[in-house]
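Presented below is the structure to which this report refers.
The values are calculated or read from the model by the stated rules, or taken from the named source; none is laboratory data. Here the structure is a predicted model, which is why all the values come from computation and not from measurement. All Cβ positions, glycine included, derive from the backbone under ideal geometry; neighbour counts span all protein chains shown. Protein only, heavy atoms only, side chains kept; ligands, DNA and RNA dropped before computing areas. Shrake-Rupley method; radii C 1.70, N 1.55, O 1.52, S 1.80 Å.
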Amino acid sequence: MPMAPDLNLLPALDALLSEASVTRAAERLQLSESAMSRTLARLRAATGDPLLVRAGRAMVLTPHALALREQVQALARDASAVLQPAGEDWNLATLERTFTLRANDGFIEAFAPALVARAAREAPGVRLRFAPKPDKDVRPLREGLIDLDLGVLGPATGPEVRVQAIYRDHFVGAVRPGHPLLQDGPLTPERYAACGHIVASRRGHGAGPVDDALAERGLSRTVAAMVPSFRAALSIAAVTDLVALVPASFFARQEALVSFALPVNTEPIVISQMWHPRLERDPGHRWLRGLVLAVCREAPPPSNC
């Protein structure tokens, strides 16, 4: 089996072929001239060619050395780039890459337009792909199927997953203009619970934090419809007397309905971005995380109505 080449000789070969001089190559690599002469001997043995030969008082490259020069220079540049710290020679303006972000429809409707517009300005070669979020399964992150997971931290999120809170939200009620709930007296927990309600749930869960808050008062909602998205819930609320429950950040983009503060207290919703540690130091991914954080925190705060 042939012996593996000594790649430590590559910088010396590059210097000798570039300088065509043992003395200048030694100065370039900060070696003694005798050490460089010994290295040249090893290179001659490795390549089977003299590489540098005497021509009067100067040294000249052999035809084989001339043929190798550009290739060796390219290899030396590539090796140097590989061994640089991540991001050392990174240019956002020329980055060409597709990032996959998993998020629910509420996040996508609220923030995707600003994310796409800002990404287009900063990195024209980047494409953002928004994937649906049917659950909180961490496997897509672990398997590299998505670059960033956006939403509420789930109980099954692995300890290795990196997490950063990006904004806080809260739920509001939404009804059609002129709805009796907002017309016929004070908005009390009792009147709210007595209405028919639409629940938006990807997994078909009918209960949530608002139901826990109502239960503390001995109250419960009547769920008349269950849909998989906030958009669908609002479309039904717009043409019925049913009451929808949506994040304030999502409702801020609606015009055909009226929102109101819930008559019971619920915990704020902490929205986070999550990623796998293998992407922690990736310069493109660091830019993506910074983009998401900036867009979410620069957006108008959710209405406190």
Put a dot 7 Å past each Cα toward the Cβ at Ala238 and Ala114; how far apart are the dots in nm? 2.3
Using a simple charge model, +1 on the beta-carbon of Lys and Arg, -1 on the beta-carbon of Asp and Glu, nothing else, what dipole does segment 201-277 show about its Cα centre, in debye to the nearest 20? 240
Student exercise, the chain dipole from Lys, Arg, Asp, Glu Cβ charges, in Debye to nearest 20: 600
Can you give the charge dipole size of segment 26-151 about its Cα centre, rounded to the nearest 20 debye, using +1 on the beta carbon of Lys and Arg and -1 on the beta carbon of Asp and Glu? 500
Step through the residues of segment 270-286 one at a time and calculate ³J(HN,Hα) from phi using the Karplus curve (6.51 cos²θ - 1.76 cosθ + 1.60, θ = phi - 60°), rounding each to whole Hz and writing x for Gly and Pro. 9, 9, 10, 10, 10, 8, 7, x, 5, 9, 3, 9, 5, x, x, 6, 4
Just to confirm, what accessible area per residue do you get for segment 179-305 at 1.4 Å probe, in whole Å²? 49
Taking a quarter of the surface of the Cα convex hull of segment 146-207, what do you get in nm²? 7.0
Please name whichever of Leu187, Ser220, Ser249 sits farthest to the positive end of the charge dipole of segment 150-250, dipole taken about the Cα centre and charges placed at Cβ: Lys and Arg +1, Asp and Glu -1. Ser249
At Val152 and Leu182, where each label point lies 7 Å from the Cα along Cα→Cβ, what is the point-to-point distance in nanometres? 2.4
Based on the Kirkwood radius over alpha-carbon pairs, what is the Stokes-Einstein translational diffusion coefficient of the chain at 20 °C with 1.002 mPa s viscosity, in µm²/s? 87
Heavy atoms of His276 accessible to a 1.4 Å probe, total area in Å² rounded to 10: 30
Among Pro177, Ser229, Ala20, whose Cα sits farthest toward the positive end of the charge dipole of the chain (+1 at Cβ of Lys/Arg, -1 at Cβ of Asp/Glu, about the Cα centre)? Ala20
When the Debye formula is applied to the Cα atoms of segment 173-305, each taken as the same point scatterer, what base-10 log of I(q)/I(0) results at q = 0.11, 0.16 Å⁻¹? -0.48, -0.86
Per DSSP H run of n ≥ 4, the term is -39500 (n - 2.57); total these for the chain, divide by its residue number, and report the mean residue ellipticity at 222 nm rounded to 500 deg cm²/dmol. -11500 deg cm²/dmol
Enter the accessible area per residue of segment 1-58 (Å², integer; probe 1.4 Å; all protein chains in place). 66
Quick one: check the C-alpha center-to-center distance for segment 1-76 versus segment 236-271, whole angstrom. 73
Quick one: among Glu70, Glu267, Glu190, which has the greatest mean-square fluctuation in a GNM of the chain with alpha-carbon springs under 10 angstrom? Glu70
Just to check I understand the Karplus step: with θ = phi - 60° and J = 6.51 cos²θ - 1.76 cosθ + 1.60, what whole-Hz values come out for segment 34-47, glycine and proline as x? 5, 5, 5, 5, 5, 5, 4, 4, 5, 5, 4, 5, 5, 8
Which net charge results for the neighbourhood of Ser220, defined as the other residues with beta-carbon distances under 12 angstrom from its beta-carbon, given Lys and Arg at +1 and Asp and Glu at -1? -2
Loop sites in segment 145-205: trypsin sites (Lys or Arg not before Pro), DSSP, at most 12 other Cβ within 10 Å: Arg203
Sorted largest first, extent of segment 243-296 alpha carbons per principal axis (Å): 45, 25, 15
GNM top mover of Leu68, Leu245, Leu279 - the chain, alpha-carbon springs below 10 Å: Leu68
Karplus-derived 3J(HN,Hα) from phi for segment 215-230 (6.51 cos²θ - 1.76 cosθ + 1.60, θ = phi - 60°), whole Hz, x at Gly and Pro, runs 4, 5, 9, x, 10, 8, 8, 9, 8, 8, 8, 10, 10, x, 8, 5
The chain: antiparallel bridges as % of DSSP beta bridges, rounded to 5, reads 60
Any chance you could list P(r) for segment 15-74, counting all Cα-Cα pairs in 5 angstrom bins from zero, rounded to whole %? 4, 20, 29, 30, 15, 2, 0
